Amino acid sequence: MKHKKIIFACTGNTCRSPMAEAVMKQMLKQQKIRWFTVQSAGFRAAAGSPMSANSRQALTEAKIPFSEKFASRRLTPKMVEEAYAVVCMTEAQRISFGGKENVTSFYELCGVEIPDPYGQPVEVYRYTLGKIRVCMPQVIKALRLEENQTTE
C-alpha cells in the first residue's frame, strides 16, 4: 500500500509545523498507525533553514524525537495536490487555499489556533508545543487515520 502524506503547514516551517510534524510522528508510532508519511512545510519558507533552536529545545524537553537533519521547505501546489491532508496552523492560512478539500486547520479540527511563537522566548514555544500536543489526538481522529489502516 502506498503511504499517504500528511503535511503540517505554517509560515516559515521552522517553528510550529516542525513541532507538529514531530508530535504526529510520535503519536502515530505509539498508536501503531502506519501507512502515513508526515512532513511539514511553510508558505513563505526559505528552503533549507534549520528548525528554530527554541522549537528543538521544547521538543527535547518533552522527549519528542525529531530529525537532527530537519530542513525547512516551501509548500508547493504539487505537495498540496499529492497530500492526503494539509493541516494549517491557523484558519486564515486554511482559507487562503480557497476551499481545497484536503486542506484543513487546527481551528477547523479542534477549535484552536496555533499562534506563531517566532522570535519569542522558549516559554512561548513550550506553550505552543503544549497546544499542539493537546490537539493531536483530535487531529488523528478527525482525519480518520485509524480507519485508513490496512492489514496488507
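Each reported figure results from applying straightforward, stated rules to the coordinates on display, with no laboratory input. Just so it is clear, the structure is predicted and the values come from calculations on it, not from any experiment. Cβ placement follows ideal geometry from the backbone for every residue including glycine, while neighbour counts extend to all protein chains displayed.
Take the range 64-91 and flag every residue that is within 20 Å of Leu129 (Cα to Cα), out of contact with any Cys (no Cβ under 9 Å at 6 or more places or on another chain) and not charged (D, E, K, R).
Hits for the range 64-91 are Ile64, Pro65, Phe66, Ser67, Phe70, Ala71, Ser72, Val86, Val87.
Select from the range 80-108 the residues that are of a type in the set (A, V, I, L, M, F, W, C) and within 13 Å of the chain's Cα centre (by Cα) and write down the one among them that is surrounded by the most Cβ atoms within 10 Å (Cβ to Cβ).
The selected residue is Val87.
Taking the range 24-41 on its own, how many of its residues are assigned to a helix (DSSP H, G or I) and more than 8 Å from the chain's Cα centre (by Cα)?
Number of matching residues: 6.
Can you tell me which residues in the range 110-127 are touching a helix residue (DSSP H, G or I) at 6+ places or on another chain (Cβ under 6 Å) and either surrounded by fewer than 19 Cβ atoms within 10 Å (Cβ to Cβ) or in contact (Cβ under 8 Å) with a residue 60 or more places away in the chain (or both)?
Answer for the range 110-127, where residues must be touching a helix residue (DSSP H, G or I) at 6+ places or on another chain (Cβ under 6 Å) and either surrounded by fewer than 19 Cβ atoms within 10 Å (Cβ to Cβ) or in contact (Cβ under 8 Å) with a residue 60 or more places away in the chain (or both): Val112, Glu113, Ile114, Pro117, Val122, Tyr125, Arg126.
Looking at the range 1-22, I want the residues that are acidic (Asp, Glu) and have a partner that is surrounded by fewer than 24 Cβ atoms within 10 Å (Cβ to Cβ) with Cβ atoms under 6 Å, at least 6 apart or on another chain. Which pairs are those?
These pairs meet every condition: Glu21/Val38.
I want to confirm something. Restricting to the range 35-58 and keeping residues that are touching a residue at least 60 places away in the same chain (Cβ under 8 Å) and within 29 Å of Glu81 (Cβ to Cβ), which single residue is surrounded by the most Cβ atoms within 10 Å (Cβ to Cβ)?
Ser55
Name the single residue that is surrounded by the most Cβ atoms within 10 Å (Cβ to Cβ) among those in the range 1-23 being part of a helix (DSSP H, G or I) and touching a Phe, Trp or Tyr at 6+ places or on another chain (Cβ under 7 Å).
Top of the filtered list is Ser17.
Can you find a residue that is over 22 Å from Tyr125 (Cα atoms) and in contact with a Lys or Arg (Cβ under 7 Å, 6 or more places away or on another chain) anywhere in the range 13-34?
no
Name the single residue that is nearest to Val38 (Cα to Cα) among those in the range 86-109 being part of a helix (DSSP H, G or I) and touching a helix residue (DSSP H, G or I) at 6+ places or on another chain (Cβ under 8 Å).
By that ranking, first place goes to Phe106.
What about Ile140, is it under 14 Å from Val87 (Cα atoms), out of contact with any strand residue (DSSP E or B) (no Cβ under 8 Å at 6 or more places or on another chain), surrounded by 14 or more Cβ atoms within 10 Å (Cβ to Cβ) and touching a residue at least 40 places away in the same chain (Cβ under 8 Å)?
Criteria met by Ile140.
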